[in-house]
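Before any comments, here is the structure.
The values are calculated or read from the model by the stated rules, or taken from the named source; none is laboratory data. Values in this document were obtained by computation on a predicted structure and should not be read as measured data. Cβ coordinates were reconstructed from backbone atoms using ideal geometry, including for glycine residues, and neighbour counts include every protein chain displayed. Accessible surface areas use protein heavy atoms only, side chains included; no ligands, DNA or RNA. Shrake-Rupley method; radii C 1.70, N 1.55, O 1.52, S 1.80 Å.
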Amino acid sequence: MTENSFPENKLFLRGLELLKRGKAEKGLKRIEKAFVTGYKPAMIFLDFYEQENSWETAYEAFGKLMENGFSDAALTIGKWYYTGENRQKDATKSVRWFLESARAGGADGCNYIGEMRETGIGLEENDEKAFEWYERGAERGDIIAKYNFGRLVRIGKGGRRDLEEAVDNWYESAKAGYAPAMYKIGEVFEEGLSVPVKLSKAFDWYLKAAEKDYPEACGKVGRFYYEGRGTEQDYALAYHWFSKIDDPLPADISMKMGKILFEGLGVEKNIELAKKYLEQAADANFMEAMFLLGRLLDELGETHEWYQVAADKGYAPAQEIIANQYLEKAESEGAEWLEKAALGGNAEAMLRLSYLYEKGENVEVNTKKAVDYAKRAADKGVVEAQYRYASLCLAGEITEKDEHAAADYFSRSAEAGHPRATYLMGILHEKGLSYWSDKEKAFQWFMDAAEKGVPGAMFRVGVYFENGITVEKNPEKAFNWYQKAADEGYARALFNLGVLYEAGRGTDANVEKAVEMYRLAAEKDIPEAMNNLGNAYHQGKGVEVNLEEAAKWYQKAADSGFALGEYNLGVLYYMGEGLEKNYSEAFQLFEKAAEEGSVEAKYNLAGMYFYGEGVPKDQEKAFALYREAAESGFSEAWRTLGELYLDGEGTEADPVKAAECFAKGGYGGDNESRFMLGRLYSGEDEKADYSKAISFLEPAAKDGFLPAANLLATLLVLPELEKRNPADAWKWLNTAADGGLRAAKLNKATFLKKGELNGPDFKACLEQLTELADSGDEMARFNQALLYLAGLGVRKDVDKARELLEDASVGGWLTAAELLHMDKLPEGPAALEYWMPYLITDAEGNILKGNIS
């Protein structure tokens, strides 16, 4: 170190020179004065000089320690005094150094002062000051101070209480690699402190801390592996982490290690070592350890009293073993012993007695005692008893039905991890039994139960994902959950898998696979599957059409009381498909299905009354049934009602009410209703409202209803329309024509002849007609003849025209016959006066002569 190393303090340098010349007293006074006047490094040197009594040694040590600055040097000396390393242990002296380090901006010193204030070591205990020092260290970035500050601020010790602030500090400390903070973050996720409980994340953080040999974390990781919490159950890894903990082990870990070794769970069985651990746990009053120790000694053939000790302490499995010993001697003695155990407060004995009294095994049937023992065992916290008592209350068979009590005890059992109780909590929340209906909570319970392996819960989770109930729709997840439930033998899941396979939702469409699923579910007595299997045979979906098989499966569905099966079987009887036609049988089936809520069946009943099929004709009764079906949401029934109002059948004719019915059918998605409204509003009288007509026809046309597309096209080119749209008209004509609608093909020719879009195009018009005429269309041949007479799009040819008119006349076109009877056929533009206007159709696509008024 050169003379110019500390030019800012000549006193310190002068003191060093005096020490060098052997003038110790004067030199030390100069250095002490340097410290008093604010030169902090001087105190570092003085401490070393006091220890070494050699200025050269002290100066060398001083130089090394000062390489990282005064704050770190002061901190190091403070630690030496605090721990007794390199200095005689003296917590009081360490305070001075930690304070100097902190005053120089150091973070670690703040933590030490906080620790000393919290523990009362070296400083008077003062939680408020500990809080302040930890906070100061945390603000300066010390990871241990962050951890300690988090501890205090979590519980409000010495200062404010703020859980989120505590978690934030622990998280920063954990990210920096401090094992106790990692452990705390594990607790945050395990206990749901300011975040949702997430055991997998808790496990990850505990594991990180354990990998740094943090003992508490090793225990936690072992417990998680042992219980399968937050990770897959793995006894071998549980044992591995437990083994890292020094003796004495926590009693529960001794018990777990003893059980692993005794039962050979993931490790080689070791009776002697197991005995050691189980004895430790038994000495700590772990009843399960006593019980296991009894089993272990049984294997060794040694006599013992461990079962009795555990039984006397109330451990049910031990009591049950003793009870079973009596049962082996005499069944009645066993039941008496169970009574004694129950009187002594043994909950497991109570539960067993509950079953015995319900079934009358070794005792007389006594349902009151059965219920009473179940409740007493449940109130003692036996999870299976809580589930049993809740089930008895919900069923209401051997005791009065009590949904509130059922909900209470299912909740207790579910919170203790009982899978079926967890599932039934979902059912209670879903159906609003005892609770308000709460689908979100229901889904949480179902998911929990599904993850515990309950097939019904897996199915419900699938239903929620399929239909987007409180969660985002996800057919793929729905399919996966249905598959899991089906793999566990849940029949209704097989049916739902079939539906997804058939629709291609959540998986690739596969009708054959759908039929396979329907068959498996049908064989497990699922009526919907029987019906869908019948439908597959009826329509040839995934199998060859087989009407006899269709009838068989529809019959099975009907016999199960499934309304749609009754309806479909009725259709077969009505149509005479696979069965002899029988209107009477069809009527009875439709009537039964209608009583069970099938609107389709009610609609068909109305039709049978209307036409007198299998029942005396009664159009008024038919009208009433059509109205019932319509008001139940069957949109086709509104359309039929509209037609009845138009024609005055079964009721008085009323075009206004007809329009109202068509409107309801249209709003319900029925395209024929929309089409009929389009026809009504495009009538030729003064009540025509083309804008309204177009507004109803457009959605029907977009849905692919060809008569609507054709009529819409004819309206879009009307001269009366405020804004004609020939381009859209041509598009809709093409849509209808491409779909095979004859009127639209003929209207395309008329459109081209009129030149609605880009002027008349007679050549294209003739080509359009020729395609139709070649297939035998008499109207196309008639219009072809007119073009030949007019000489438009083709050279005038009266003979060709006559030939075409004769073909059209033979085909039944009367106007062609009238022209042929004229003395002279019209020629030139006059011939086009006989061209038919745009054609419209009925809902079935048949060409009409006029429109509805």
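Observations on the model:
- Candidate lysines - alpha carbon under 17 Å from LYS26, same-chain residues fewer than 8 apart omitted: LYS10
- Theoretical gain in end-to-end length, LYS800 to ASN510 [0.36 nm per residue, Cα-Cα removed]: 98.9 nm
- Each listed q (0.14, 0.21, 0.23 Å⁻¹) maps to a log10 I(q)/I(0) for region 663-766, found by the Debye formula over equal Cα scatterers with no solvent: -0.51, -1.05, -1.19.
- Each residue, GLN444 and GLU596, gets one label point 7 Å from its Cα in the Cβ direction; the gap between the two is 3.8 nm.
- Across region 742-754, coupling constants 3J(HN,Hα) worked out from phi with the 6.51/-1.76/1.60 Karplus curve, θ = phi - 60°, read 4, 4, 5, 5, 5, 5, 4, 5, 4, 4, 5, 5, 6 Hz, and Gly and Pro carry x.
- Size descriptor, Kirkwood hydrodynamic radius, that averages inverse alpha-carbon separations across region 76-157, Å: 12.3 Å
- Cα centre as origin, Lys/Arg/Asp/Glu Cβ charges: the chain dipole, Debye: 3700 debye
- Dimensions in Å of region 620-672 - Rg and Dmax from alpha carbons: 9.7, 26
- Calculated P(r) of the chain - Cα pairs past 38 Å, %: 70 percent
- Per residue, in Å², the accessible surface of region 11-93 once ligands and nucleic acids are set aside, probe 1.4 Å: 55 Å²
- Largest-first principal axis extents, alpha carbons of region 174-265, Å: 40, 24, 18
- Accessible area expressed per residue, region 357-451, with surrounding protein chains retained (probe 1.4 Å, Å²): 51 Å²
- Whole-number Å³ per residue for the convex hull built on Cα positions in region 403-446: 49 Å³
- Partner lysines for LYS800 [C-alpha distance under 22 Å; skip if fewer than 8 residues away on the same chain]: LYS753, LYS763, LYS824
- Here the label points at ASN734 and LYS401, each 7 Å from Cα along the C-beta direction, are separated by 6.4 nm in the simple model.
- Principal semi-axes of the equivalent ellipsoid, √(5λ) from the alpha carbon gyration tensor of region 418-524, are 25, 15, 11 Å from largest down.
- Links that overshoot a 28 Å alpha carbon limit, given the list LYS313/LYS441; LYS29/LYS93; LYS617/LYS657; LYS452/LYS524: LYS313/LYS441
- Derived scalar couplings ³J(HN,Hα) [region 26-31; Karplus, 6.51 cos²θ - 1.76 cosθ + 1.60; whole Hz; x for Gly, Pro]: 5, x, 5, 5, 4, 5
- If the segment from LYS723 to GLU305 were pulled out straight at 0.36 nm per residue, it would be longer than the present Cα-Cα gap by 140.4 nm.
- Computed P(r) (all Cα pairs; region 459-588; 10 Å bins; percent): 15, 39, 30, 13, 3
- Toward the positive end of the charge dipole of region 418-524, with +1 on the Cβ of Lys and Arg and -1 on the Cβ of Asp and Glu, the farthest Cα among GLN483, THR507, TYR423 is that of TYR423.
- With a simple spin-label model that places each label point 7 Å from the Cα along the Cα-to-Cβ direction, the separation between GLU263 and LYS687 comes to 8.3 nm.
- Sequence-separation-based contact order of region 109-163, relative, with Cα cut under 8 Å and 6+ spacing, percent: 30 percent
- At the listed q of 0.12, 0.14, 0.25, 0.28 Å⁻¹, the Debye profile of region 785-841, built from one uniform point per Cα, gives log10 I(q)/I(0) equal to -0.26, -0.35, -1.03, -1.20.
- For region 598-652 versus region 52-125, the gap between their alpha-carbon centres in whole angstrom: 98 Å
- Placed amide H near ILE840: partners under 5 Å, 5+ positions off or other chain: LEU848
- For region 597-734, the mean projected area of the C-alpha convex hull, equal to one quarter of the hull surface, is 8.8 nm².
- The distance separating the Cα centre of region 391-460 from that of region 674-737 comes to 55 Å.
- For region 687-740, taking the reciprocal of the average inverse distance between every pair of different Cα atoms yields a Kirkwood hydrodynamic radius of 10.9 Å.
- Cα Rg over Rh - region 704-853, Kirkwood: 0.97
- Per residue, in Å², the accessible surface of region 510-643 once ligands and nucleic acids are set aside, probe 1.4 Å: 45 Å²
- Taken over region 729-817, the alpha-carbon convex hull comes to 84 cubic angstrom per residue.
- Candidate lysines for bridging to LYS157, where Cα separation is under 18 Å - those fewer than 8 sequence places away on the same chain excluded: LYS129, LYS146, LYS184
- Given LYS401/LYS484; LYS244/LYS380; LYS702/LYS748; LYS477/LYS513, the pairs whose alpha carbons are separated by over 27 Å: LYS401/LYS484; LYS244/LYS380
- Where a label projected 7 Å from the Cα of ASN366 along Cα→Cβ would reach, residues of region 381-404 with amide N under 15 Å: none
- Axis angle, to the nearest 10 degrees, between helix 367-379 and the longest C-alpha principal axis of the chain: 50 degrees.
- Value in Å of the Kirkwood radius, where region 641-706 supplies the Cα pairs that are averaged: 11.7 Å
- Across the accessible surface of the chain, with the other protein chains kept in place and a 1.4 Å probe, carbon and sulfur atoms take up 45 percent.
- Fraction of C-alpha pairs exceeding 21 angstrom in region 1-129: 41 percent, rounded to a whole number.
- Taken along its three principal axes, the alpha carbon spread of region 535-617 comes to 39, 23, 17 Å, from the longest extent down to the shortest.
- Sequentially through region 817-830, phi angles give Karplus couplings (6.51, -1.76, 1.60; θ = phi - 60°) of 5, 4, 4, 5, 7, 6, 4, 9, 5, x, 10, x, x, 4 Hz, Gly and Pro residues having no value and appearing as x.
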